[in-house]
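Following: one structure in structure tokens, then a few remarks.
Readers should treat all values here as calculations from the given coordinates under stated rules, not as data from a laboratory. These numbers were taken from a predicted model, which means no experiment stands behind them. Reconstructed Cβ throughout: ideal geometry from the backbone, glycine too, with neighbour counts over all protein chains shown.
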Amino acid sequence: MSARTDRFLSEAWRFAAIGVLATVVSFTLFNLLVHGFGIVDAPLNRHAVTGYVLANVVGMAISFRGTKDWVFRERRVRHADGGVTAFVVINVVTMLIPMACLAFSRHVLDRTDAFSDNLAANVIGLALGFVARFWLFRYTVFVRTVELPAQPRVHRSGQE
């Protein structure tokens, strides 16, 4: 396997691991807020999309730290603010994918049960969003440092 392929697979594996962690936190929080599961009253039962956004803001914070410090640790950040703004913008834009899946399931298909909510938002929507985020982060926020070959030093006299 080439070094490039090995690096890509390593980054993809680490990105998936951080994504799983952030998703577990978001999934748990979303289901507590929207469905309660007998543990708490579901304060956002009639507002599933709002619950999804709140839960995913928490997941986004976990994802940012893991992505910056572990997934793309060998890459430099292209932005002066450490990539925070680009990271948030990409996450918000790609969060529209599972939100659209959830809204479609709830308002077009009229499916309001926990299984349908989770299938739409946390399976179909997250899978599509995962691919979009990985590509966007890799190519727009965290760029690979290119090592340039050392240039011979030229002295004033024009000789090396």
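Compute the distance in nm between two label points, each set 7 Å from the Cα along the Cα-to-Cβ direction, one at ASP113 and one at LEU128.
Between ASP113 and LEU128, the simple spin-label model gives 2.3 nm.
When the Debye formula is applied to the Cα atoms of the chain, each taken as the same point scatterer, what base-10 log of I(q)/I(0) results at q = 0.21 Å⁻¹?
-1.28
Can you give the local net charge around ASP69? Use residues other than it whose beta-carbon is closer than 13 angstrom to its beta-carbon, Lys and Arg +1, Asp and Glu -1. Please list the in-between numbers first.
Working: positive: ARG14, ARG65, LYS68, ARG73, ARG75; negative: GLU74.
Net charge around ASP69: +4.
Taking Cα centroids, how far is the stretch 64-131 from the stretch 5-21 in Å?
First find each Cα centre; the distance between them is then 16 Å.
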